[in-house]
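Heads up: the structure comes next, in structure tokens.
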Amino acid sequence: MINLLLFSLVAGIVSAIIIVPLTSTTKEGQPSFNRIGALSATVVLMTAVIFAFYYMTNMDRNWTSLWALFLIVTIAGVVQATGKERSFKVLLALVALAGSAFILSAPLFNANQKYKAVEMDQQVEIKAFDETKTPASVPPQFARNKMKKAFGQVPNTSYYELGNLQIQKVNDKFVYIAPVEFSGFFRWLNGKTTPGYFTMSATDSADNPKFVKAEMVYTPSSYFHKQVERHMRMELPDLIFYGDVQLEIDDDGKPHYIRSYGNFITARNGFDVQGIVMVDPATGEVNQYPLSEVPAFIDGAVSPEAVSLQNSYFGKYVHGFWNSIVGKKDVKLPSDEGTEANVSPIFDENGHMYYFTDFTSPKEGVDSMLGYALTDGRTGEATYYTGNLEESYMDSQGALQIIEKKFIEKRWTGEMPVLYNFYGEASWLTPVLDSNGFLQNYFIVSAANPEISVFANSPNEALRLYKTVLQRGGSTVDGSSNAVEGKTAAAVVRVYKERADDFTIVSILADDGRNYIVSTEAVPLAIYIEEGDRLALTYYETGELFLPVKEMKNLTIE
């Protein structure tokens, strides 16, 4: 607060000196000009206005943020001054005008700098998904609905409401976190603190939300100096913030509010993320970390808003600003189907968080995907994947339209489409919700071949069906599992063979109680398997009902 007062006072004094004329001509019969009184009154007025403006807007207190005030003040000074003083203030006004023009025109000239700041490494395709893992695929709308129904766990329920939902990894589990927030000013006056937050699994739709007690004083829904964004600003007045505050939970269950900060790219335009500010919501302790030193428990150091901004720079400014307006050569638009600020947080098999975004053509009526990007949630480094250039990939909007048509009678819709590499096939995995926001199934559709699609009650069941559909269609299913190989010798109890175009899918029930599945594309002699045969199998221990066979030898006939 003292820093803001000093900032406002200095700015008020400088403004008063420019506005109030140092010399004046007083006509006969008129009272003499009281310069000291005018200066004092102007200082008080300007200081109050500046203080109120910065306190209400929470704007950074860099001196460049005063450019508009400087322009207005110098113009007022020109109007009030006379003689040589006016000439000097005209010069000041011209300087202020030039500075304002530079700041306002920065977006016209810094497009190349923006593109270079976010330029991405380019690859063809992401690596295949490990089918033994479960993707974090519970849609946030469904999780939010369940948390609302569990809100009775909160003490003094009428004081509070559910805050913003976000996904993160806590104790090696993927969970949704949502803080309990004040529902209004008078609730804050009476309550003083919020009681805690909700947590729910992001991989198991059957999980029930749990309320965790953790009193918080500094929150987004608090007021005055207890509002967490204002508290950050008061402690670090010069930092450039971008994006909303987010709640991050450490492995001990303790909550922390974080917010991304960075630098302007040119003048006061553009943003390049540099680190985070973290606040203990119970004590108000503030810590600042560059991206290289962010605590290990924080998954989303780079705010989704900052990632969305970076994606727009990368897509629009590949050939500069004017090309993004006229011509639009190589311009690509990031999707707006993400769950947080138009991007979707996802986790890899190692539990590292990335923001997913797909890009489409700026041409209307085109649902072909031009590529997709994954941005590291901790470092902000991004990779752009072009996909197989010999195939045309459907974008996220196209996947949602397929789901809408598939369930048109039930009026179900898709949410949070994410592109994965399933068995070597670029595929959209999308949760399907009914009109009340409840999860109904998981839908997988090939991005290159939309006619190939399946749906099931769980992501892993949908994956198993999807593998079978790909095999039936004659597609080569690449090994995409990190599961260890197993070997066994077993006798065939039952065998089922199903024709799939040029190949046959053989399903085997063995005397060890396990089921195996093999395609004659991989093992041609599997066509001769009969009940009672003794087999030597090399298979993948995927945990599925039907274990995929890598190699097989029929000991009965070979």
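Things to note:
- Packing-based order for 99-105, 462-468, using average beta carbon neighbours within 10 Å, highest first: 462-468, 99-105
- Whole-number D in µm² s⁻¹ for the chain, Kirkwood Cα-pair radius fed into Stokes-Einstein, 20 °C, 1.002 mPa s: 77
- Full-stretch length increase - Leu104, Tyr223 - with 0.36 nm per residue and alpha-carbon distance subtracted: 39.6 nm
- Residues whose amide H comes within less than 5 Å of that of Asn441, counting only those at least five positions distant or on another chain, are Val432 (H built at 1.01 Å from N in the peptide plane).
- Tensor-based shape of segment 210-331 (alpha-carbon gyration tensor, a/c under 1.5 rounded, otherwise prolate or oblate): prolate
- Solvent-accessible area per residue in segment 1-131 equals 60 Å², computed with a 1.4 angstrom probe and all protein chains kept.
- Average accessible surface for segment 197-248: 41 Å² per residue, computed with a 1.4 Å probe over protein heavy atoms with every protein chain in place.
- Surface share of carbon and sulfur [accessible, 1.4 angstrom probe, percent] for the chain: 54
- Extents of segment 27-151, taken as max minus min of Cα coordinates on every principal axis and listed largest first, are 94, 46, 17 Å.
- On the basis of the beta-carbon distance and an R0 of 41 Å, Val469 and Phe297 show a calculated FRET efficiency of 0.55.
- Over 26 Å apart at the Cα level, from the set Lys169/Lys550; Lys116/Lys329; Lys467/Lys487; Lys148/Lys173; Lys127/Lys405, are Lys169/Lys550; Lys127/Lys405.
- Virtual paramagnetic centre 7 Å along Cα→Cβ of Asn3, amide N under 16 Å, in segment 229-245: 229-242
- Equivalent ellipsoid semi-axes, segment 202-279, via Cα gyration tensor eigenvalues times 5, rooted, Å: 29, 17, 10
- Per residue value of the accessible surface for segment 343-492 (all protein chains in place, 1.4 Å probe), Å²: 42
- Residues with amide H under 5 Å from that of Tyr393, placed H, sequence gap 5 or more: Met369
- Peptide ranges 525-538, 344-357, 313-326 listed from the most packed, as the mean C-beta count within 10 angstrom indicates: 344-357, 313-326, 525-538
- When the alpha carbon coordinates of segment 29-97 are projected onto the principal axes, the ranges are 48, 27, 12 Å, largest first.
- Placing dummy labels 7 Å off each Cα toward the beta-carbon, the span from Glu381 to Thr538 is 3.5 nm.
- Sites Thr82 and Glu349, calculated FRET efficiency, Cβ-Cβ separation with R0 56 Å, nearest 0.05: 0.15
- FRET efficiency estimate (nearest 0.05) - Cβ-Cβ, Ala48 to Glu404, R0 60 angstrom: 0.60
- Note on segment 78-130: percent of Cα-Cα distances in each 10 Å bin, starting at 0 and stopping at the bin with the largest distance, equals 19, 22, 18, 15, 12, 7, 6, 2.
- Convex hull volume of the Cα atoms of segment 93-207, normalised per residue: 226 Å³.
The values are calculated or read from the model by the stated rules, or taken from the named source; none is laboratory data. All figures in this text were calculated on a predicted structure; none of them were measured in a lab. As a convention, Cβ positions derive from the backbone with ideal geometry for all residues, glycine included, and neighbour counts pool all protein chains shown. Keep in mind that these areas ignore ligands, DNA and RNA; they rest on the heavy atoms of the full protein, side chains included. Shrake-Rupley method; radii C 1.70, N 1.55, O 1.52, S 1.80 Å.
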